[in-house]
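The values are calculated or read from the model by the stated rules, or taken from the named source; none is laboratory data. What you are looking at is a predicted structure, and each value in this text was computed from that prediction instead of being measured. Cβ placement follows ideal geometry from the backbone for every residue including glycine, while neighbour counts extend to all protein chains displayed. The protein model used for the area step is the full one, side chains on, heavy atoms only, and it has no ligands, DNA or RNA in it. Shrake-Rupley method; radii C 1.70, N 1.55, O 1.52, S 1.80 Å.
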Amino acid sequence: MEIGVYSIGDRTTDPLTGRRPTEREKLRSVVRIAEHAEEVGFDVFALGEHHQPPYASSAPVAVLAYLAARTNRIRLSTAATLITTGDPVRIAEDYATLQHLCDGRLDLLLGRGNAGQAYSWFGRDARDSYPLAAENYALLRRLWAEQDVNWTGTFRTPLRGFTSVPRPLDDVAPFVWHAAVASEETAELAARHGDGLFAMHLFWPWQHTAALVGHYREQFAKHGHGDPDQAIVGLGGQVYVRPRSEDAVEDFRPYFDNAPYASGSALEQYLRQTPLAVGSPQQVIDKVLTFRTYVGDYQRQLFLIDHAGLPEKTVLEQLDLLGAEVLPVLRREFDADRPAPAPSDTAPPR
């Protein structure tokens with residue numbers, strides 16, 4: 001089990017101070033959060049890609065390259081790279097370059113994005129979302145696997161005898177996850193290629209995630225990649241922890257109310273119905289350990305850590321408490337209850 005954190009790079013106004021970080025402040029904060037995540041023992045740091053306000057992280061590959069030079073152990077990833085609006089040639093070369101710079105501690109989470117207007121900004125049509133993702137990913141796979149590629153598709157100019165450079169490190173492409181909130185089509189794309197499925201697992205009832213992951217596992221086996229329990233599953237999630245549960249709820253409430261997904265809902269309702277975990281270390285541990293009861297054994301857990309205006313000081317305190325009191329217990333419990341045969345032989349390489 002890999003346990004990590006991720007940021008979507010949003011510059012949301014802090015509801016307590018009324019202050020909104022500048023773009024420079026947010027980007028520098030993301031770097032410090034990633035560095036501290038490594039220091040306290042997390043396995044993965046991932047960064048999202050967005051191209052509209054209030055986000056600052058439009059170029060995660062640049063930030064991750066900077067982090068590659070400033071970290072030593074933590075795995076770097078995206079949350080997510082937009083396979084629909086990004087050029088597969090550019091993605092292939094950017095992330096192969098980063099793979100070399102970080103000595104292979106890189107994987108890639110691909111997504112279609114949640115802002116429909118972004119398609120037109122890159123000359124695409126949102127109505128082509130799924131076929132665009134499937135075609136672009138097919139080309140990306142070929143660019144990493146082959147040289148002298150000849151390619152003709154629907155959505156880009158043809159390639160003739162093209163070789164992307166640099167080649168993947170040791171001729172092994174970065175491991176690929178596919179991000180899905182609700183899309184069975186994305187789950188099927190991941191299963192077809194034997195890739196990982198990352199269920200965003202933030203704002204929906206557990207039954208929704210269970211159905212999505214179950215469909216992916218069935219398709220993974222159907223395509224001959226192994227048994228359903230060998231499918232490679234990652235989950236998102238969100239936590240806020242304090243030594244006392246009452247303090248956690250009180251502290252987090254204004255930030256929950258400030259988050260775009262709240263939409264007037266009560267924090268207590270979200271705590272009952274979604275994967276959101278707010279409370280003491282033990283309460284967070286107990287909530288996270290329930291995830292396996294409806295998705296089965298899984299390989300990666302990432303927590304959204306710095307959104308909704310949370311100040312950097314608070315985020316770093318969260319990392320300290322999670323690293324000291326939550327991570328060791330989660331690792332012990334996940335390892336103790338992992339079924340045999342374990343899916344570790346198909347998990348992303350470390």
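Here are the numbers for the structure shown:
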| quantity | calculated |
| --- | --- |
| Test: GLU49 is closer than 21 Å to LEU235 by Cα, in contact with a Ser or Thr (Cβ under 7 Å, 6 or more places away or on another chain), open to solvent by less than 60 Å² (accessible area, probe 1.4 Å) and assigned to a loop (DSSP other than H, G, I, E, B) | yes |
| The stretch 154-198, subset part of a loop (DSSP other than H, G, I, E, B) and within 19 Å of SER129 (Cα to Cα), residue least open to solvent (accessible area, probe 1.4 Å) | SER183 |
| ALA126 within 26 Å of PHE198 (Cα to Cα) and either in contact with a Leu (Cβ under 9 Å, 6 or more places away or on another chain) or surrounded by 15 or more Cβ atoms within 10 Å (Cβ to Cβ) (or both) | yes |
| Selection count, the stretch 265-310, where residues are outside any helix (DSSP H, G or I), within 20 Å of GLY196 (Cα to Cα) and of a type in the set (S, T, N, Q) | 2 |
| Only one of PHE252, PHE256 that is open to solvent by less than 10 Å² (accessible area, probe 1.4 Å), at pLDDT 95 or above, among the aromatic types (Phe, Trp, Tyr) and out of contact with any Ser or Thr (no Cβ under 7 Å at 6 or more places or on another chain) | PHE252 |
| Qualifying residue in the stretch 231-242 (condition: hydrophobic (A, V, I, L, M, F, W, C), more than 19 Å from the chain's Cα centre (by Cα) and open to solvent by less than 60 Å² (accessible area, probe 1.4 Å)) | yes |
| Positions within the stretch 220-240 being among the β-branched types (Val, Ile, Thr) and not in a loop (DSSP other than H, G, I, E, B), in sequence order | VAL233, VAL239 |
| Hits in the stretch 143-153 - residues which are hydrophobic (A, V, I, L, M, F, W, C) and open to solvent by 40 Å² or more (accessible area, probe 1.4 Å) | ALA145 |
| Neighbours by Cβ (under 9 Å, 6+ apart or cross-chain): first from the stretch 43-56, touching a residue at least 60 places away in the same chain (Cβ under 8 Å); second among the basic types (Lys, Arg) and assigned to a strand (DSSP E or B) | VAL44/ARG75; VAL44/ARG300; ALA46/ARG75 |
| Flag for GLY196 being more than 23 Å from TYR270 (Cβ to Cβ) and touching a strand residue (DSSP E or B) at 6+ places or on another chain (Cβ under 6 Å) | yes |
| TYR66 being surrounded by fewer than 22 Cβ atoms within 10 Å (Cβ to Cβ) and modelled with pLDDT under 95 | no |
| Residue count, the stretch 200-213 (criterion: open to solvent by less than 30 Å² (accessible area, probe 1.4 Å) and either under 15 Å from GLU185 (Cβ atoms) or modelled with pLDDT of 90 or more (or both)) | 5 |
| Residues being of a type outside the set (Lys, Arg) and within 30 Å of LEU330 (Cα to Cα) - total across the stretch 17-56 | 21 |
| Matching entry among LEU140, LEU109 (being in a helix (DSSP H, G or I) and either in contact with a strand residue (DSSP E or B) (Cβ under 7 Å, 6 or more places away or on another chain) or surrounded by 15 or more Cβ atoms within 10 Å (Cβ to Cβ) (or both)) | LEU140 |
| Where ALA59 falls short, out of the listed (1) out of contact with any His (no Cβ under 8 Å at 6 or more places or on another chain); (2) touching a residue at least 24 places away in the same chain (Cβ under 8 Å); (3) over 23 Å from PRO254 (Cβ atoms) | (2) |
| Residues of the stretch 2-34 satisfying the condition of being closer than 23 Å to GLY236 by Cβ, among the hydrophobic types (A, V, I, L, M, F, W, C) and either in contact with a Lys or Arg (Cβ under 6 Å, 6 or more places away or on another chain) or part of a loop (DSSP other than H, G, I, E, B) (or both) | ILE8 |
| Odd one out for ARG73, checked against (1) open to solvent by 20 Å² or more (accessible area, probe 1.4 Å); (2) of a type outside the set (S, T, N, Q); (3) not in a loop (DSSP other than H, G, I, E, B) | (3) |
| Count - residues of the stretch 241-264 that are part of a helix (DSSP H, G or I) and among the hydrophobic types (A, V, I, L, M, F, W, C) | 4 |
